[in-house]
Amino acid sequence: MAERCQDVVIGGGAIGVSCAEALATAGRDVVLLEQHAMASGCSHGNAGWVTPCHSLPIPGPGLVRQSLRWMLRSDSPLYIKPSLRPSLLGWLWRFYRHCNEKRQRQGLAAVAALNRDVVSMTGGLVERYSLDCEYQPRGLHYAFLSEPGFQKGRRECRLLNEHEIPGEELSAEELLAREPALTRDVVGGVFYPAEADFVPDRFVEQLAAQLPGLGVDVRTGCRVTGWRLSGRKIEQIETAGGPLVPETVILAAGAWTGRLARQLGIRLPMEPAKGYSITLDPQAGLPTRPLNVSESKFGVTPWEGGVRLAGTLELAGLQREINQSRVEAIVRSAREALPEFSATGVQEVWTGMRPLAADGLPIIGRSLRCSNLVMATAHGMLGLTQAAITGRLVSDITTGRSPTLDPVPFSPDRF
Ligand SMILES: Cc1cc2nc3c(=O)[nH]c(=O)nc-3n(C[C@H](O)[C@H](O)[C@H](O)COP(=O)(O)OP(=O)(O)OC[C@H]3O[C@@H](n4cnc5c(N)ncnc54)[C@H](O)[C@@H]3O)c2cc1C
């Protein structure tokens, strides 16, 4: 006999857990299904930044030329594994059509609006539940190692400033005075003061640990295997723990969402965009706060218990194999930017798949093609950043409250 439920959230990453928290707080009965353990997907080993200054969508002017050059090198910051997979080719076609100034500016306006209160909302969750995750609203630095990189960074900073995301340009001397660990070859930098960071898996696991107290039925090791549809409605969810009859389904399965949506007849232009991180024991001679080295597109986050280098973007399908040449590329870039960096005391080498839509924007909302389905996915580089606001929006949409902000730019039906 199938079990009746009100809201079923699929996915125990930052997004699913935040949605479950927001729905339960709004008085809903929630079941949360996770196929493995909480925070075992992309929300585990990322850089841990709550970062409105990353509001510019990835597709942008100049990226086509740059990525064609990068495609030839398997250790470049962006790598596309050669493949004739039709879904990848379709995704690339849409992605490249968004690589222009007009579309990037439109995307920025939508994402900046979504990111407006993310730092205070995330800090609010940390405070409300006393989450022990080293949450620090300490801002972050961008460092540029070339004049063209610095020019591009200044342009981006001005664009972000137009959307009330504060950023302050720094000369090489000013940046080196703040972060003496950087190479003397640095050309300039930007300080973004309104950013925060935390240890991501601790944030997600500890927030998930609060859910049973809010009445959420959390089921780990419970994989969704299929659906039974009745017209445009999900009548039944097939899971490893037996069938469920949901009132509403919230699909927050990260990089796996595209596959689950396809089984419902919904094609989302999403690709898994793999990234890597290396976590090491704490060491001297490293930055004092989060640092993004722009040209090599990697970030450093220093915490009490260790330091994490994270970066790269690889389109290689849905697989979590570690490509050693990409790990080594991050280490090489770290040595170039931080002369005292030493690749010793490795705690973890990790890879995770960012769910990335072809236009670089998240997918949040109901789909016209399925009447009791709400999507919460495709957050790309910003899944932690946007977890709290996504939870709020999903709760507004599910309960029929008027939404906190205009959800139209994030509609699953926009493609
Ligand atoms: C190197 C790197 C650095 C990053 N740094 C940052 C950063 O600093 N700040 C930031 O905001 N973002 C960052 N990101 C992006 C961020 O990690 C992701 O956007 C975010 O983790 C996505 O969260 P999610 O909950 O959608 O997906 P996930 O965390 O992947 O969660 C999805 C969950 O769904 C589960 N699932 C899948 N299929 C099923 C099924 N059939 N049944 C049940 N459960 C299922 C999975 O097991 C998984 O646990 C980074 C990413 C990478 C790779």
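For Val126, Val204, Val187, Val249, the sequence from fewest to most other C-beta atoms within 10 Å is Val187, Val126, Val249, Val204.
FRET efficiency for the pair Ile322 and Ser87, taken as 1/(1 + (r/R0)^6) with r the Cβ-Cβ distance and R0 = 25 Å, rounds to 0.60. Close Lys pairs in the chain, defined as Cα atoms under 19 Å apart and 8 or more places apart or on different chains, number 5.
Annotation: the residues Lys233, Lys152, sorted from fewest to most other C-beta atoms within 10 Å of their own C-beta, follow the order Lys233, Lys152. Convex hull volume of the Cα atoms of the range 109-200, normalised per residue: 107 Å³.
Comparing Cys42, Cys53, Cys99, which has the greatest mean-square fluctuation in the GNM of the chain with Cα pairs linked when under 10 Å apart? The residue with the greatest mean-square fluctuation here is Cys99. From helices alone, the chain scores -9000 deg cm²/dmol at 222 nm; the rule is -39500 (n - 2.57) for each run of n ≥ 4 DSSP H residues, then divide by the residue total. Put in line by how crowded their Cβ is, counting other Cβ atoms within 10 Å and starting with the fewest, Asp359, Asp217, Asp185 read Asp185, Asp217, Asp359. Under a Gaussian network description of the chain, with springs only between Cα atoms under 10 Å, the residue in Val64, Val300, Val30 that fluctuates furthest is Val64.
Stokes-Einstein diffusion for the chain at 37 °C, viscosity 0.692 mPa s, with a Kirkwood radius from C-alpha pairs, works out to 152 µm²/s. Taking a ≥ b ≥ c as the square roots of the eigenvalues of the Cα gyration tensor of the range 26-170, is the shape rounded (a/c under 1.5), prolate (a/b larger than b/c) or oblate? Oblate shape, in that a/c is at least 1.5 and b/c is the bigger or equal ratio. Between the range 141-200 and the range 108-135, how many Å separate their Cα centres? Here the two parts' Cα centres lie 22 Å apart.
Each residue of the range 178-189 was assigned a 3J(HN,Hα) from its phi angle through the Karplus curve 6.51 cos²θ - 1.76 cosθ + 1.60 (θ = phi - 60°); the sequence is 7, 10, x, 6, 6, 4, 5, 7, 5, 9, x, x Hz, with glycine and proline shown as x.
Separation of the range 241-303 from the range 325-354 is 18 Å, based on Cα centroids. Toward the positive end of the charge dipole of the range 127-229, with +1 on the Cβ of Lys and Arg and -1 on the Cβ of Asp and Glu, the farthest Cα among Ala181, Cys157, Val224 is that of Val224.
Bear in mind that the values in this text are calculations on the coordinates, not laboratory data. Computed from a predicted model, the values in this text were never measured in an experiment. Glycine also receives a Cβ, built like all others from the backbone with ideal geometry; neighbour counts cover every protein chain displayed.
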